[in-house]
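Here the structure comes first, spelled out in structure tokens, and everything after it is commentary.
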Amino acid sequence: MRAQNRPGSPAVRRTAVAALLCGALALGAGACGTSEDDDAKAKGPFGELTGSQILDKAIGTTKTAKSLSIAVDTTSEGERLKAFFSLDTAKKCTGTLSIGATGTAEVLKADDKDVYLRLDETMLREQLKDEDQETRDAVLEQLKGRWTKSPMSDPETKDMTEFCDLKGLLAEFEKGATGIEKGEETTVDGKMAIKLTEKSDDETNTVYVAAEGTPYLLKVVTTGGDEPGTIAFSRYGEPVTAKAPAAKDIADLG
């Protein structure tokens, strides 16, 4: 079987996610507008801080998180990508990644040495679509419902583990935005939040920052543009449970 199609290591296109992160979070890149906030002195949970100052504060606070969960829902080239991952700075990570009609992959990382992948039957069949029937049947029998194990150094696992790099994900956030409009208070998943908005010619980015407790980022919504979508953050500081699968549940790819 060709290495690039090795079952258990699908080549996942991260361009949509990267674009969503870099686009929505380019709110802090300094290139998202130059106008001043119209309501710079508006009162509220952040006092007289401007929208840009609140965003900077939220980015700085979020980067100190030791663990969190991230939910991504975006569309790229007409294909929907959904993901939910829980990860921490101790290199633990669990999550699922679904790519349109291609299927769903589970990812598990208990340390910084190995990564375990488990593909549903739909994704397995997609990975094997160019193989002969005998090979497909044999691999499906071996891998269906089971995990594969690969070292983190394996380049084929890179795309699947992008969501497991907490520092890498948060590095996409940069301070220094201007022209961020400070909006009204609202709620996100039952939590008080303040709404921040930045608009360009064909795209609107809306960021929700926790307005009570620690001012973490709660959600980023991008509408319009080439890569619309939503990123939601939750479970800040909660432990990530990631334990390597039992040996009997790991397929030997030989």
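The values are calculated or read from the model by the stated rules, or taken from the named source; none is laboratory data. Please read these numbers as outputs of a predicted model, since none were measured by experiment. Heads up, the Cβs are rebuilt from the backbone with ideal geometry, glycines too, and the neighbour counts pull from every protein chain shown. When the accessible area is computed, the model is the full protein with side chains, heavy atoms only, and any ligands, DNA or RNA have been set aside. Shrake-Rupley method; radii C 1.70, N 1.55, O 1.52, S 1.80 Å.
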Item to check | Pick from region 145-156, criterion out of contact with any Pro (no Cβ under 8 Å at 6 or more places or on another chain) and of a type in the set (S, T, N, Q), ranking: nearest to ASP249 (Cα to Cα) | outcome: SER150
Checklist entry - If a residue has to be open to solvent by 20 Å² or more (accessible area, probe 1.4 Å) and either on the phi > 0 side of the Ramachandran plot or in contact with a helix residue (DSSP H, G or I) (Cβ under 6 Å, 6 or more places away or on another chain) (or both) to count, how many in region 201-213 make the cut? => result 1
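Only residues that are hydroxyl-bearing (Ser, Thr, Tyr) and without any contact (Cβ under 8 Å) to a residue 12 or more places away in the chain: list them for region 174-205, please. Break it down stepwise before answering.
Initial filter on region 174-205 (hydroxyl-bearing (Ser, Thr, Tyr)): 178, 186-187, 197, 200, 204.
The one that is hydroxyl-bearing (Ser, Thr, Tyr) and without any contact (Cβ under 8 Å) to a residue 12 or more places away in the chain: THR187.
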Checklist outcome for this item: So, first residue free of Cβ contacts under 8 Å to residues at least 40 places away in the same chain in region 70-90, second residue charged (D, E, K, R), Cβ within less than 6 Å, six or more apart or across chains; the pairs are LYS82/ASP73
Checklist entry - When you go through (1) touching a Lys or Arg at 6+ places or on another chain (Cβ under 6 Å); (2) farther than 30 Å from LYS113 by Cβ one by one for CYS164, which number turns out not to apply? => result (2)
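Could you check region 100-111 and list, in sequence order, the residues that are open to solvent by 70 Å² or more (accessible area, probe 1.4 Å) and modelled with pLDDT of 90 or more? Don't jump to the end; show me each part of the working.
So the first thing to find is which residues in region 100-111 are open to solvent by 70 Å² or more (accessible area, probe 1.4 Å), and the list is 101.
Matches in region 100-111: none.
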Checklist entry - In region 230-244, is there at least one residue being open to solvent by 30 Å² or more (accessible area, probe 1.4 Å), closer than 30 Å to VAL115 by Cα and over 19 Å from the mean Cα position of the chain (by Cα)? => result yes
Checklist entry - In region 60-95, what residues are loosely packed, with under 15 Cβ neighbours inside 10 Å and out of contact with any helix residue (DSSP H, G or I) (no Cβ under 6 Å at 6 or more places or on another chain)? => result GLY60, THR64, LYS66, GLU77, GLY78
Checklist entry - Restricting the search to region 201-241, which residues are among the charged types (D, E, K, R) and over 18 Å from GLU185 (Cβ atoms)? => result ASP201, ASP202, GLU203, ASP226, GLU227, ARG235, GLU238
